[in-house]
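In what follows, a structure is listed as structure tokens, so that the remarks can point back to it.
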Amino acid sequence: MALSAQGAAAPDFYVYLCFGQSNMEGNATPEEIDKQYVDPRFQTLACVDFQSPQRTKGTWYTAYPPIVRQWTNVGMADYFGRTMVAALPSNVKVGVVDVAIGGVAIDGFMSEKVDDYLKDLPDWMKNSFAAYGNDPYKRLVEMAKVAQQSGVIKGILLHQGESDNGNQEWLQKVKTIYERLLNDLQLKAEDVPLLAGETVNADVGGTCSWHNTVIAQLPSVVPTAHVIPSNGCPCGSDNIHFTVAGYRTMGKRYAYEALRLLGHTTKAQDDYAWKENQKKIYQLTSLEPIDDIAFRVGGSKKLTVWGVFADGHRENLTHEALFSSSDFTLEGNIVKGTEEKEGTVTVTCTDFLGQQQAMAVRVSVSNLGANHVLEDNNGKAGANSWDKEVFCKLATPMEQGKTYVVRATMKADQTGQCILWPRWDASTHRDEWGNSADIQYEETKTLNTSWQQLTWSFTAKFPHDVLIFAVGQLGGNVYFDDVSCMEQGSTKEMIANGNFESDDVSDWYVLTWTGQSLSVVEDNTTGLSSVIVGTRTAADVCYDLQGRRVSRPGKGLYIINGKLQYQHNENND
């Protein structure tokens with residue numbers, strides 16, 4: 001079905017501009033359910049001429065895939081639009097204007113850079129650029145102006161970053177493109193938010209998941225930007241492109257955020273005319289049970305919620321669920337344990353059809369329990385120290401010229417080296433791989449199979465905001481505990497959760513494309529190899545070896561904060 005783009009702009013025709021690379025272009029082959037029926041209220045403006053299906057540039061069509069170009073497939077915009085029209089009143093239409101090129105870096109959408117950018121591209125990418133007159137930004141603006149003759153631009157959807165993985169300059173370039181679109185189309189930022197989707201997440205092995213740490217900063221650079229999470233969305237074997245199920249979930253998430261920004265609930269209209277098999281994509285049938293959880297006083301636990309839908313797919317619902325408890329303090333999905341207690345946390349999820357599912361999670365907090373540590377699974381050892389790296393984002397940056405002390409209790413499955421590299425990740429001074437070049441190289445330490453405390457002291461050459469532990473030549477697992485960073489002479493801790501008694505390790509990340517993964521695990525080490533020599537403070541919880549709590553221990557072995565320690569100062573409170 002084709003609609004003319006001419007005529008007065010209708011206020012109830014909501015238009016969204018879309019741009020990016022292959023995940024926006026559409027990389028998943030549509031299944032039968034994706035091709036069967038598309039509500040004609042969901043329209044796509046052809047931004048190129050199509051031969052199959054036959055479409056003419058500048059004309060609106062019902063948004064059957066492919067949306068972007070004739071050889072593309074299902075992408076981000078497909079289920080964005082399908083979800084939007086199901087939620088909005090029946091008089092509202094939704095249209096997308098989608099310009100995307102697989103493999104394109106953000107420079108490909110900057111007209112002043114595009115000529116140089118094109119020079120070294122492979123032919124298949126040059127052909128995609130040629131379809132847009134070798135200037136995709138210019139084509140997006142041209143088609144957006146056509147769309148403005150029919151409807152009102154309500155937002156901009158972006159999914160791009162795999163080709164700029166981890167590059168901090170990406171933020172300012174996106175800001176520039178966004179502001180140019182607003183200016184060229186005479187739009188106001190407060191009326192046209194920017195919705196930026198994460199790349200394939202680390203939790204499913206995303207090769208470019210490092211870029212999500214950059215995307216997370218976008219709202220601080222573009223105040224009207226909103227990040228669309230990709231956690232739990234399945235991907236293909238390349239770990240770069242989502243599966244069709246992943247695109248459906250991401251499309252829904254884009255739509256849910258757009259609906260919230262419009263002031264609408266994330267719920268389908270009661271009278272929406274569903275096709276039964278398509279309705280099942282949105283219909284939550286159950287929540288997957290969460291095992292009873294236990295942790296120590298002073299720690300916390302992050303709950304992850306998965307749901308099963310009527311079509312059989314699983315979906316991570318953590319960002320949509322509601323968490324409540326009369327027994328524990330909650331921060332979103334994080335349960336905090338401030339005292340010994342047993343109780344429950346209730347998890348409630350309401351699906352797009354308005355149907356609710358709930359479950360109770362049993363929680364136990366006690367003064368005794370296993371110590372928790374961070375496990376870096378390195379897999380096979382690399383040839384160089386930089387082949388495997390563990391990153392820690394500091395809560396506050398260092399100040400150039402000041403002296404800092406970093407401590408970490410560490411061990412490894414194999415004897416090997418660990419090097420500390422403080423780095424100013426936010427610097428725009430980049431190396432040939434797009435990483436910050438403002439880095440300093442500190443002393444190499446030797447790890448072995450027993451716990452030991454390592455200490456580095458150095459004067460910051462830059463305002464470092466990240467610590468890098470380079471452990472590339474170590475195969476198997478590397479373990480971290482009690483990681484600390486303080487200015488010399490200060491007691492202000494710059495690392496959150498350095499004892500890992502919370503399993504929220506969002507400030508820690510690894511090079512997932514090298515096969516690394518992070519998790520918080522229980523340390524069940526026993527015997528004198530686990531003894532740490534130290535002194536005790538008044539805030540420590542201390543037991544003797546018979547399990548009796550003591551307040552003023554003498555010299556000897558005690559369980560202090562769940563760790564076997566030798567107390568060498570008598571009556572040290």
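The values are calculated or read from the model by the stated rules, or taken from the named source; none is laboratory data. All of these numbers come straight from a predicted model, not from anything done at the bench. Cβ placement follows ideal geometry from the backbone for every residue including glycine, while neighbour counts extend to all protein chains displayed. Protein only, heavy atoms only, side chains kept; ligands, DNA and RNA dropped before computing areas. Shrake-Rupley method; radii C 1.70, N 1.55, O 1.52, S 1.80 Å.
Does C208 satisfy the condition of being farther than 29 Å from V141 by Cα and crowded, with 20+ Cβ neighbours inside 10 Å? No: the conditions fail for C208.
For the range 211-223, a tally of residues being touching a Leu at 6+ places or on another chain (Cβ under 9 Å) and open to solvent by less than 10 Å² (accessible area, probe 1.4 Å) returns 4. Summed over the range 206-255, residues that are out of contact with any Ser or Thr (no Cβ under 6 Å at 6 or more places or on another chain), within 21 Å of A86 (Cα to Cα) and of a type in the set (D, E, K, R) total 2. A search for C-beta distances below 8 Å between a residue of the range 120-136 that is at negative phi and free of Cβ contacts under 8 Å to residues at least 24 places away in the same chain and any residue that is open to solvent by less than 60 Å² (accessible area, probe 1.4 Å) and not aromatic (F, W, Y), counting only pairs 6+ apart in sequence or on different chains, returns K126/L118. One residue stands out among those in the range 62-85 that are closer than 21 Å to Y272 by Cα and surrounded by fewer than 23 Cβ atoms within 10 Å (Cβ to Cβ): the one that is farthest from the chain's Cα centre (by Cα), which is T62. When we screen E112, E169, E179, E198 for residues that are in contact with a strand residue (DSSP E or B) (Cβ under 7 Å, 6 or more places away or on another chain) and surrounded by fewer than 17 Cβ atoms within 10 Å (Cβ to Cβ), the only hit is E169.
Tell me, please, whether a residue that is under 27 Å from the mean Cα position of the chain (by Cα), among the hydrophobic types (A, V, I, L, M, F, W, C) and open to solvent by less than 20 Å² (accessible area, probe 1.4 Å) can be found in the range 375-383. Scanning the range 375-383 turns up no residue that is under 27 Å from the mean Cα position of the chain (by Cα), among the hydrophobic types (A, V, I, L, M, F, W, C) and open to solvent by less than 20 Å² (accessible area, probe 1.4 Å). Scanning the range 347-374 for residues that are touching a residue at least 24 places away in the same chain (Cβ under 8 Å), surrounded by fewer than 16 Cβ atoms within 10 Å (Cβ to Cβ) and within 30 Å of L284 (Cα to Cα) gives T348, G354, Q355, A358, R362, S364.
Restricting D425, D504, D482 to those that are open to solvent by 10 Å² or more (accessible area, probe 1.4 Å), in contact with a strand residue (DSSP E or B) (Cβ under 6 Å, 6 or more places away or on another chain), acidic (D, E) and assigned to a strand (DSSP E or B) reduces the list to D482. Those strands (runs of 3 or more DSSP E) of the range 224-334 in which at least 1 residues are surrounded by 15 or more Cβ atoms within 10 Å (Cβ to Cβ), of a type in the set (A, V, I, L, M) and under 16 Å from the mean Cα position of the chain (by Cα), considering only elements entirely within it, cover 225-228.
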